[in-house]
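The values are calculated or read from the model by the stated rules, or taken from the named source; none is laboratory data. Owing to the predicted nature of the structure, the values given are computational and were not obtained by experimental measurement. Here the Cβ positions follow ideal geometry from the backbone for every residue, glycine too, while neighbour counts run over all protein chains shown.
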């Protein structure tokens, strides 16, 4: 009887944990500990002055991608498009925003910029 109770308790605990893990591994969960972020899709007129490719470590899901895009797009004169599959962001700068502002914005989100190159 005790074994049956233990098995039932384990099933009750493990089923939601396995479902959550599968969702997370498929990149559909909010692994960042907060609510799901939505991408903004900001556009600016004209040609950018500079375009950077930023390599970012620590992104695991669409929520991570959307957080990075949202915070970079919040910078005046900056538009970002993140490719989660490559762990990169294409950052277009339309004014004189320095590279350091881009790096600081990403790293304040607890991600690590490993490389930034100008295209």
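Once segment 1-39 is narrowed to residues that are over 13 Å from the mean Cα position of the chain (by Cα) and either under 30 Å from residue 96 (Cβ atoms) or assigned to a loop (DSSP other than H, G, I, E, B) (or both), the residue that is modelled with the lowest pLDDT is 26.
Restricting attention to segment 97-119, and to residues there that are out of contact with any strand residue (DSSP E or B) (no Cβ under 9 Å at 6 or more places or on another chain) and assigned to a loop (DSSP other than H, G, I, E, B), which single residue is farthest from residue 45 (Cα to Cα)? Selected residue: 110. Can residue 99 be described as surrounded by fewer than 14 Cβ atoms within 10 Å (Cβ to Cβ), over 30 Å from residue 20 (Cβ atoms) and over 16 Å from the mean Cα position of the chain (by Cα)? Judged against the criteria, residue 99 is not a match. Evaluated against (1) surrounded by 12 or more Cβ atoms within 10 Å (Cβ to Cβ); (2) assigned to a loop (DSSP other than H, G, I, E, B); (3) modelled with pLDDT of 85 or more, residue 47 falls short on exactly one condition, (1).
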